[in-house]
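So the structure is just underneath, and the comments pick up after that.
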């Protein structure tokens, strides 16, 4: 008898047909990557994944943050006999107190002589007889004892929700426009959760934005790294671009023209480092540049897909996810970024593409973008 960690991966992976093996292999390698340095043993039993370790709590805290894992459970492995299963089920139930329960059995090993329904009835009767204060409720029980019969039998009564999604690195790559605010880390997390490899770009306006602001963005990238395992951060100098826009373009168009330059730079860096797409933390109607017309104008300069995973989410919902993933407290630190300085009093909320193109035609766009590319700072695997 020993304690193991049962890993349940997302049901989507079961539906991948001929590609299922590649998703499973990637998930396995991602789990092994986060457990680097831990002492553990990976085992299989008729399609189930288990990990044995002397420190299961530490292993569990790491594995539940791996994208593609939907649930983890600390289980007890016993011999596949009614007596051994019943004895462990009694131990599981002893801490339940006065409550209702049921036993759910899954007999994956068809050589086992008793079917799932009958085994559940027998184990339930054993528990009911030996543990005081329990009542059976097969419809809405407060507690559930789970039994899985494979080559060995596994008993557990607690399930811990993991992050779910698809294995990281199975769905291409994206360049996250990471501002330092609440939204963009959440957008990066949501893309990574769907298996997309995330790199990040930050636009730094020295001396108007401080080194503390840059460090804050690095900290946010490190928080994302806790889920992705690795992340590269590209810091693009943005001061000269902003000064040129302020000097030569209409004040009420500053924000949308700056957004177009950010998109150009994100696409340029993505092209240079073979990254498939761009991701932003924009949500429709949240600020002046995120109106439908504003999004059309900023996307106009993109040369690859632009993903906006937060597009229809309320701010409160985004904040809830930020708290859940651990980025919220860092995001609200009071260091200004390039999006919050030089904000016009009355920004244009319904920009017209033809007018914006005309306004920015007075700028040497190619030179401004190339100068920023030439002075790019790169922080690999923060």
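The values are calculated or read from the model by the stated rules, or taken from the named source; none is laboratory data. Quick caveat, the model's predicted, so the values are computed rather than measured. Counting neighbours? That spans all protein chains shown, and the Cβs are built from the backbone with ideal geometry, glycine included.
What is the number of the single condition among (1) outside any helix (DSSP H, G or I); (2) in contact with a helix residue (DSSP H, G or I) (Cβ under 6 Å, 6 or more places away or on another chain); (3) modelled with pLDDT of 95 or more that residue 235 does not meet?
Result: residue 235 fails condition (2) only.
So residue 202 ticks every box in (1) modelled with pLDDT under 95; (2) outside any loop (DSSP other than H, G, I, E, B) but one. Which box is left unticked?
Only one criterion is unmet by residue 202, namely (1).
Could you check the range 65-79 and list, in sequence order, the residues that are surrounded by 18 or more Cβ atoms within 10 Å (Cβ to Cβ) and on the phi < 0 side of the Ramachandran plot?
Within the range 65-79, 66, 67, 69, 70, 72, 73, 75, 76, 77, 78 qualify.
Could you run through the range 123-142 and say how many residues are touching a residue at least 24 places away in the same chain (Cβ under 8 Å), part of a helix (DSSP H, G or I) and surrounded by fewer than 17 Cβ atoms within 10 Å (Cβ to Cβ)?
The qualifying residues number 1.
Considering 172, 164, 188, which residue is surrounded by 20 or more Cβ atoms within 10 Å (Cβ to Cβ) and closer than 30 Å to residue 218 by Cβ?
Unique residue meeting the criteria: 188.
Could you list, in sequence order, the residues of the range 270-283 that are touching a strand residue (DSSP E or B) at 6+ places or on another chain (Cβ under 8 Å) and either crowded, with 22+ Cβ neighbours inside 10 Å or without any contact (Cβ under 8 Å) to a residue 60 or more places away in the chain (or both)?
Our first condition is that a residue be touching a strand residue (DSSP E or B) at 6+ places or on another chain (Cβ under 8 Å); within the range 270-283, this holds for 270, 273-281.
Selection gives 270, 275, 278, 279, 280, 281.
Quick check: is even one residue across the range 150-161 within 30 Å of residue 283 (Cα to Cα) and in contact with a strand residue (DSSP E or B) (Cβ under 9 Å, 6 or more places away or on another chain)? Write out each step before concluding.
Residues of the range 150-161 that are within 30 Å of residue 283 (Cα to Cα), as a first pass: 161.
Then drop every residue that is not in contact with a strand residue (DSSP E or B) (Cβ under 9 Å, 6 or more places away or on another chain), which leaves 161.
Taking every residue of the range 150-161 in turn, at least one turns out to be within 30 Å of residue 283 (Cα to Cα) and in contact with a strand residue (DSSP E or B) (Cβ under 9 Å, 6 or more places away or on another chain).
I'd like to check something: does the range 183-197 contain any residue that is part of a strand (DSSP E or B) and touching a helix residue (DSSP H, G or I) at 6+ places or on another chain (Cβ under 7 Å)? Quick ask: steps written out before the conclusion?
Here is the first cut: in the range 183-197, the ones part of a strand (DSSP E or B) are 197.
Now restrict to residues that are touching a helix residue (DSSP H, G or I) at 6+ places or on another chain (Cβ under 7 Å): none.
No, every residue in the range 183-197 fails to be part of a strand (DSSP E or B) and touching a helix residue (DSSP H, G or I) at 6+ places or on another chain (Cβ under 7 Å).
What helices (runs of 4 or more DSSP H) lie completely within the range 1-80 and have 3 or more residues being under 20 Å from residue 225 (Cβ atoms) and touching a helix residue (DSSP H, G or I) at 6+ places or on another chain (Cβ under 8 Å)?
Correct list: 20-34.
Among (1) touching a residue at least 12 places away in the same chain (Cβ under 8 Å); (2) under 26 Å from the mean Cα position of the chain (by Cα); (3) surrounded by 16 or more Cβ atoms within 10 Å (Cβ to Cβ); (4) farther than 16 Å from residue 180 by Cα, which single condition is residue 257 missing?
Of (1) touching a residue at least 12 places away in the same chain (Cβ under 8 Å); (2) under 26 Å from the mean Cα position of the chain (by Cα); (3) surrounded by 16 or more Cβ atoms within 10 Å (Cβ to Cβ); (4) farther than 16 Å from residue 180 by Cα, only one is false for residue 257: (2).
Let's see how each residue does on (1) over 18 Å from the mean Cα position of the chain (by Cα); (2) in a helix (DSSP H, G or I); (3) within 24 Å of residue 204 (Cβ to Cβ); (4) modelled with pLDDT of 95 or more:
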position: 317; (1), (2), (3), (4): no, yes, no, yes
position: 322; (1), (2), (3), (4): no, yes, yes, yes
position: 336; (1), (2), (3), (4): yes, no, yes, no
position: 348; (1), (2), (3), (4): yes, no, no, no
position: 359; (1), (2), (3), (4): yes, yes, no, yes
position: 366; (1), (2), (3), (4): yes, yes, yes, yes
position: 378; (1), (2), (3), (4): yes, no, yes, yes
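What number goes with the only condition from (1) part of a loop (DSSP other than H, G, I, E, B); (2) in contact with a strand residue (DSSP E or B) (Cβ under 9 Å, 6 or more places away or on another chain) that residue 166 does not pass?
(2)
I need a count of the residues in the range 193-210 that are more than 24 Å from residue 264 (Cβ to Cβ) and touching a strand residue (DSSP E or B) at 6+ places or on another chain (Cβ under 9 Å).
Initial filter on the range 193-210 (more than 24 Å from residue 264 (Cβ to Cβ)): 193-195, 210.
Subset that is touching a strand residue (DSSP E or B) at 6+ places or on another chain (Cβ under 9 Å): none.
Matching residues across the range 193-210 total 0.
When you go through (1) surrounded by 14 or more Cβ atoms within 10 Å (Cβ to Cβ); (2) within 30 Å of residue 65 (Cα to Cα); (3) touching a helix residue (DSSP H, G or I) at 6+ places or on another chain (Cβ under 7 Å) one by one for residue 311, which number turns out not to apply?
(3)
How many residues are closer than 19 Å to residue 14 by Cβ and either within 23 Å of the chain's Cα centre (by Cα) or surrounded by 15 or more Cβ atoms within 10 Å (Cβ to Cβ) (or both) when one looks only at the range 37-62?
Applying the first criterion (closer than 19 Å to residue 14 by Cβ) to the range 37-62 yields 44-50.
Then keep just the ones that are either within 23 Å of the chain's Cα centre (by Cα) or surrounded by 15 or more Cβ atoms within 10 Å (Cβ to Cβ) (or both); that gives 45, 48-50.
Residues in the range 37-62 being closer than 19 Å to residue 14 by Cβ and either within 23 Å of the chain's Cα centre (by Cα) or surrounded by 15 or more Cβ atoms within 10 Å (Cβ to Cβ) (or both): 4 in total.
When you scan the range 84-114, how many residues do you find that are within 22 Å of residue 49 (Cα to Cα) and part of a loop (DSSP other than H, G, I, E, B)?
5
Considering only the range 284-311, state which residues are under 24 Å from the mean Cα position of the chain (by Cα), at pLDDT 95 or above and part of a loop (DSSP other than H, G, I, E, B).
Passing the criteria: 304, 305, 308, 309, 310, 311.
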